[in-house]
Amino acid sequence: MTEIISTLHEFFQFSFVRYAFIVGLLIALCSSLLGVTLVLKRFSFIGDGLSHVAFGAMSVAAVTSLTNQNLIVLPVTLISAILLLRTGQNTRIKGDAAVAMISVGALAIGYMLMNIFPTSGNISADVCSTLFGSFSILALKPSDVRLCVIMSIIVIGTFIFFYNKIFAVTFDESFAKATGVKAELYNTLIAVITALIIVLAMNLVGSLLISALIIFPALSAMRLFRSFRSVIICSAVVSVVCAAAGILLSILVSTPVGSTIVVADLAVFLVFSLISKAVRRSVK
Amino acid sequence: MSIQIACKNVSLGYEGSIVTEDLSFSVSSGDYLYILGENGSGKSTLVKALLGLKPQISGEITRGEGVAAGQIGYLPQQTVVQRDFPASVREIVLSGCLSKSGLRPFYTAAERASANAAMERLGITGLAKRCYRELSGGQQQRVLLARALCAAGKILLLDEPVTGLDPKAQVDLYEMIGKLNSEGVTIIMVSHDVGAAMRYASHILHIGSHKQLFFGTAEDYAKSSVGRTFIASEEAENDD
């Protein structure tokens, strides 16, 4: 035990480890807050879809050798998020199909561009690292950390400020509209902060695993808790704890950061499911 | 008795296609209006127009004081999302107060008190901390009624509220709505249950495909040829 602590202590001497820790926890917190809403609105896969869009945009940025990738990635993802979430209700292509279509389309275009205009010798390593996050989280610059902190504050602040509205719009959009709540506006707001989180989270777990950060804490919390507020709080706690455990574990046993976090989330989900089954049985 | 909503020669529909036209009727305070009609006769379009979510193609809808768009308590049909939604009864009832709160991010003490009063009125105070998805269908509808009362105390618009409830719960809900009506709340009920309409309604609006078939008091409806045919056909269906 003391050995583990001293190893961790040693690692935390490095600024890149501290950066990764801060960014990881913030992103986990943000994604879990929105996750509850997205899961309940039946948009669990929006994380997947949007992150593939971000992947496509990223490869465009790489090909045109833009130094600041976020200049392209952020706006493209934002626009896709708004289009997806707003047209979800009354379009010819239904929500899940639209998400799937945009997701695989962007993935294909991104991969194709990276192959036609290779920027580095090892394409499959490039692709693999954008898809699975790999170790780019351990190569964060102070400016990245600053950006992440600012974005997280915006996301968390918006969520708290509009908490009641987000609840009303998620629970019953037609009632909210009928009583004069601007449901469209809040849906767009949810879309915008979802896109922000996804662009941020791509560094952490990569675009294939983002859905896990969004849905696992929410699903785990819904197993055990019964009011919206307690589900949100539990989901946030679970997500932060799993992210912390995942990052520490990945340092200790040198596993990939992203997938370790996701495995931790999965483990918590299984434990919570078992507890909820046991509780239900004892009630009966 | 003051007129709360009056429709004059109103036509409704979507771009290029008219769903129903020439509707003329009015609702006064304390009325219990049933809007009857087959599926596809434009009931839900009319609901949207009454709520102010959809402009009419032609004609005029006038609204009295306190019943502007956004001030009608609405009980929508249940959605799939709600069936497994983790939310406490109190959270849902409170969300009815939201329309009055503007940009304010939290509820005031007055709003909390009005939510408590609404729960008291519907006899669900004991359920306040329970989870919505674990309640029976009838209890869920009471919760949504309490929420509608928080949003608007003067007039409620209910869209097929008894669908999916067992007969006992249906009767309970009708009794509850009747009680609210006798306390002075105007009720507009969209339904195809003509039997309940004859029992509870003070006025009836019957819309057929594309046009208004009847508007008047419930007694007149029972005597009218439209009413007699519809009542007979529904009874025959129920006997099957």
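The rows are residues; the columns are (1) free of Cβ contacts under 8 Å to residues at least 40 places away in the same chain; (2) of a type outside the set (Ser, Thr, Tyr); (3) under 15 Å from A:His52 (Cα atoms).
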residue	(1), (2), (3)
A:Glu184	no, yes, no
A:Ile190	no, yes, no
A:Ala195	no, yes, yes
A:Ser207	no, no, yes
A:Ala212	no, yes, yes
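Within region B:141-159, can one find any residue that is farther than 26 Å from B:Ile5 by Cβ, more than 14 Å from chain A (Cβ to nearest Cβ) and basic (Lys, Arg)?
The answer is no; no qualifying residue exists.
Could you list, in sequence order, all residues of region A:219-240 that are without any contact (Cβ under 8 Å) to a residue 12 or more places away in the chain and under 16 Å from the mean Cα position of the chain (by Cα)?
Passing the criteria: only A:Val237.
I'm told A:Ser235 meets every condition in (1) closer than 19 Å to A:Ser44 by Cβ; (2) outside any helix (DSSP H, G or I) except one. Can you identify the failing condition by its number?
The number of the failed condition is (2).
Residue by residue through region B:70-93, note down the ones that are small (Gly, Ala, Ser) and facing chain A (nearest Cβ under 7 Å).
Of everything in region B:70-93, those that are small (Gly, Ala, Ser) and facing chain A (nearest Cβ under 7 Å) turn out to be B:Gly70, B:Ala87, B:Ser88.
Inside region B:21-44, can you point out the residues that are in contact with a Phe, Trp or Tyr (Cβ under 8 Å, 6 or more places away or on another chain) and of a type outside the set (A, V, I, L, M)?
Listed by number, the residues that qualify are B:Ser24, B:Phe25, B:Tyr32, B:Tyr34.
Enumerate the helices (runs of 4 or more DSSP H) found wholly within region A:141-197, keeping only those where 1 or more residues are at pLDDT 90 or above, more than 14 Å from chain B (Cβ to nearest Cβ) and buried (at least 18 other Cβ atoms within 10 Å of the Cβ).
Ranges flagged: A:142-161.
Looking at region B:89-111, which of its residues are assigned to a loop (DSSP other than H, G, I, E, B) and closer than 12 Å to A:Lys165 by Cα?
Kept after step one, since they are assigned to a loop (DSSP other than H, G, I, E, B), are these residues of region B:89-111: B:102-108.
Within region B:89-111, B:Gly102, B:Leu103, B:Arg104, B:Pro105, B:Phe106, B:Tyr107 meet the criteria.
Of the conditions (1) of a type in the set (S, T, N, Q); (2) surrounded by 16 or more Cβ atoms within 10 Å (Cβ to Cβ); (3) closer than 30 Å to A:Leu85 by Cα, A:Ser250 clears all except one; give me its number.
(3)
When you go through B:Gly178, B:Gly164, B:Gly184 one by one, which is the residue that is part of a loop (DSSP other than H, G, I, E, B) and over 20 Å from B:Glu38 (Cα atoms)?
Sole residue among the options that is part of a loop (DSSP other than H, G, I, E, B) and over 20 Å from B:Glu38 (Cα atoms): B:Gly184.
If you go through region B:2-28 one residue at a time, how many are outside any strand (DSSP E or B) and at positive phi? Reasoning before the result, please.
Taking region B:2-28 and keeping what is outside any strand (DSSP E or B), we get B:2, B:15-16.
The next check asks that each one be at positive phi; those that pass are B:16.
Matching residues across region B:2-28 total 1.
Out of B:Leu98, B:Leu75, B:Leu103, which single residue is touching a helix residue (DSSP H, G or I) at 6+ places or on another chain (Cβ under 7 Å) and either at pLDDT below 85 or more than 25 Å from B:Asp31 (Cβ to Cβ) (or both)?
None of the other options fit; the residue is B:Leu98.
When you scan region A:206-221, how many residues do you find that are surrounded by fewer than 24 Cβ atoms within 10 Å (Cβ to Cβ) and within 12 Å of chain B (Cβ to nearest Cβ)?
Total satisfying the criteria: 1.
Scan region B:53-69 for residues that are within 12 Å of chain A (Cβ to nearest Cβ) and touching a Lys or Arg at 6+ places or on another chain (Cβ under 8 Å) and jot them down.
B:Leu53, B:Lys54, B:Ala69
So which residues in region A:222-241 are in contact with a helix residue (DSSP H, G or I) (Cβ under 7 Å, 6 or more places away or on another chain) and either closer than 21 Å to A:Ile22 by Cβ or more than 8 Å from chain B (Cβ to nearest Cβ) (or both)?
A:Arg223, A:Leu224, A:Ile232, A:Cys234, A:Ser235, A:Ala236, A:Val238, A:Ser239, A:Val240
For region B:46-56, state whether one or more residues are at positive phi and either touching a Leu at 6+ places or on another chain (Cβ under 7 Å) or in the same structural domain as B:Ala146 (by TED's automatic domain parsing) (or both).
Checking region B:46-56: not a single residue is at positive phi and either touching a Leu at 6+ places or on another chain (Cβ under 7 Å) or in the same structural domain as B:Ala146 (by TED's automatic domain parsing) (or both).
If only one of B:Asp159, B:Asp172 is surrounded by 19 or more Cβ atoms within 10 Å (Cβ to Cβ), acidic (Asp, Glu) and at pLDDT 85 or above, which one is it?
Unique residue meeting the criteria: B:Asp159.
Closer than 26 Å to A:Ser174 by Cβ and of a type in the set (Ser, Thr, Tyr): which single residue out of B:Ser191, B:Ser202, B:Ser233, B:Ser224 fits that description?
Exactly one residue qualifies, and that residue is B:Ser191.
Just the residues that are crowded, with 21+ Cβ neighbours inside 10 Å and either free of Cβ contacts under 8 Å to residues at least 60 places away in the same chain or among the β-branched types (Val, Ile, Thr) (or both), please, taken from region B:1-55.
B:Ile5, B:Cys7, B:Val10, B:Leu12, B:Thr20, B:Val27, B:Ile35, B:Val47, B:Ala49
The values are calculated or read from the model by the stated rules, or taken from the named source; none is laboratory data. What you are looking at is a predicted structure, and each value in this text was computed from that prediction instead of being measured. Positions of Cβ are generated from backbone atoms using ideal geometry, with glycine treated the same way; all protein chains shown enter the neighbour counts.
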